[in-house]
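Notes for the one structure printed next.
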Amino acid sequence: MKADPRPSLFVSDLHLSPEHPATVERFLGWLNETAVGAEAVYILGDLFEYWPGDDFLDTPFPTPIVAAMRRLVERGTRLYLSHGNRDFMLGAAFCQAIGASLLAEPSLIDLNGRPTLLLHGDSLCTDDLAYQRFRRMVRDPAWQQAVLTKPLTERLAIAQQMREQSESDKSGKSNMIMDVNADAVANAFRQSGCRHMIHGHTHRPARHLLAVDGHDCERWVLPDWYDGHGGYLRCDARGCELVRT
């Protein structure tokens with residue numbers, strides 16, 4: 001009997017930060033135990049709660065995270081990373097430090113013979129017009145370059161202000177506005193030409209089955225790692241399953 005190929009694992013929305021050391025420890029344990037032996041690990045955005053620039057690598061906080069991710073790669077697991085709505089300033093130096101490849105947004109991959117669309121998920125939340133304006137601003141290379149000219153301490157203060165503003169804004173928005181838009185999802189399937197999608201961002205883990213232009217499509221939403229919980233999507237030749245931790 002032919003052995004199954006090694007699985008690919010998908011995570012997002014870990015929101016690692018110095019303020020939540022228990023989450024950092026759970027992620028380090030996941031890297032050193034669950035992820036070992038995987039064919040690939042895909043981190044689909046918001047690995048960090050904030051990332052003010054790659055010179056943040058020179059501070060103590062990310063050191064054990066970088067080391068654990070690098071060890072995973074050295075053991076033979078391919079590592080892929082995409083930007084989220086909190087860590088959009090992750091750059092080439094960080095990817096080089098951990099041995100990861102930075103994914104475009106969105107990215108189309110071959111997942112065990114199935115073309116699969118990967119994205120963070122915030123681009124699908126098109127009903128939230130204010131957030132989409134913010135997203136265009138912070139993803140603008142000119143805006144990012146201007147911010148990177150500021151001292152690290154000032155950038156950390158800016159990140160804190162953005163986090164506080166984000167929490168304030170969310171308290172005044174309905175859950176429907178902050179969830180994905182059905183037309184945006186359908187258009188993403190049409191434009192990619194695939195029938196399988198994996199994303200995070202909404203913190204509403206589930207498997208959604210839908211029809212787009214007469215085709216059966218599948219959308220997986222990844223869990224967040226807040227409040228002592230977490231999880232990931234495990235995919236191999238037999239299919240995919242959400243695993244909660």
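Numbers at a glance
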{"read-out": "Scan of the stretch 101-111 for residues that are part of a loop (DSSP other than H, G, I, E, B) and without any contact (Cβ under 8 Å) to a residue 40 or more places away in the chain, ordered by number", "value": "A104, E105"}
{"read-out": "Residue in the stretch 112-133 that is farthest from M89 (Cα to Cα), counting only those that are more than 18 Å from the chain's Cα centre (by Cα) and assigned to a helix (DSSP H, G or I)", "value": "L129"}
{"read-out": "Identity of the residue in the stretch 165-220, part of a helix (DSSP H, G or I) and among the basic types (K, R), that ends up nearest to L103 (Cα to Cα)", "value": "R190"}
{"read-out": "Residue pairs meeting the criteria (Cβ under 8 Å; at least 6 apart or on separate chains; first over 19 Å from E105 (Cβ atoms) and modelled with pLDDT of 95 or more, in the stretch 37-61; second in a helix (DSSP H, G or I) and among the aromatic types (F, W, Y))", "value": "L57/F94"}
{"read-out": "Residues within the stretch 1-33 that are part of a helix (DSSP H, G or I) and without any contact (Cβ under 8 Å) to a residue 24 or more places away in the chain, tallied", "value": "3"}
{"read-out": "Members of the stretch 34-49 that are among the hydrophobic types (A, V, I, L, M, F, W, C), part of a loop (DSSP other than H, G, I, E, B) and farther than 16 Å from V243 by Cβ", "value": "L47"}
{"read-out": "The stretch 191-244 - residue that is at pLDDT below 95, under 20 Å from the mean Cα position of the chain (by Cα) and among the small types (G, A, S) and, of those, nearest to F48 (Cα to Cα)", "value": "G230"}
{"read-out": "The lone exception for N112 - which of (1) at pLDDT 95 or above; (2) surrounded by 15 or more Cβ atoms within 10 Å (Cβ to Cβ) it fails", "value": "(1)"}
{"read-out": "Total residues in the stretch 18-62, condition surrounded by 17 or more Cβ atoms within 10 Å (Cβ to Cβ), of a type in the set (G, A, S) and either within 16 Å of the chain's Cα centre (by Cα) or more than 24 Å from P141 (Cβ to Cβ) (or both)", "value": "4"}
{"read-out": "Enumeration of residues in the stretch 69-99 that are in contact (Cβ under 8 Å) with a residue 40 or more places away in the chain and among the hydrophobic types (A, V, I, L, M, F, W, C)", "value": "L72, F88, M89, L90, F94, A97"}
{"read-out": "Top-ranked residue of the stretch 183-217 - restricted to ones that are out of contact with any His (no Cβ under 9 Å at 6 or more places or on another chain) and β-branched (V, I, T), ranked as farthest from R114 (Cα to Cα)", "value": "T202"}
{"read-out": "Selection within the stretch 214-245 - surrounded by 13 or more Cβ atoms within 10 Å (Cβ to Cβ), over 21 Å from L81 (Cα atoms) and among the charged types (D, E, K, R)", "value": "E218"}
{"read-out": "Residue among R75, R86 that is charged (D, E, K, R) and either over 25 Å from A142 (Cβ atoms) or surrounded by fewer than 20 Cβ atoms within 10 Å (Cβ to Cβ) (or both)", "value": "R75"}
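One line per residue, one yes/no per condition, for (1) closer than 29 Å to R71 by Cα; (2) exposed (fewer than 13 other Cβ atoms within 10 Å of the Cβ); (3) not charged (D, E, K, R):
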position	(1), (2), (3)
A97	yes, no, yes
L156	yes, no, yes
K170	no, no, no
F189	no, no, yes
V212	no, no, yes
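The values are calculated or read from the model by the stated rules, or taken from the named source; none is laboratory data. Note that this is a predicted model, so its numbers are computed, not measured. So basically every Cβ, Gly included, is an ideal-geometry build from the backbone, and we count neighbours across all protein chains shown.
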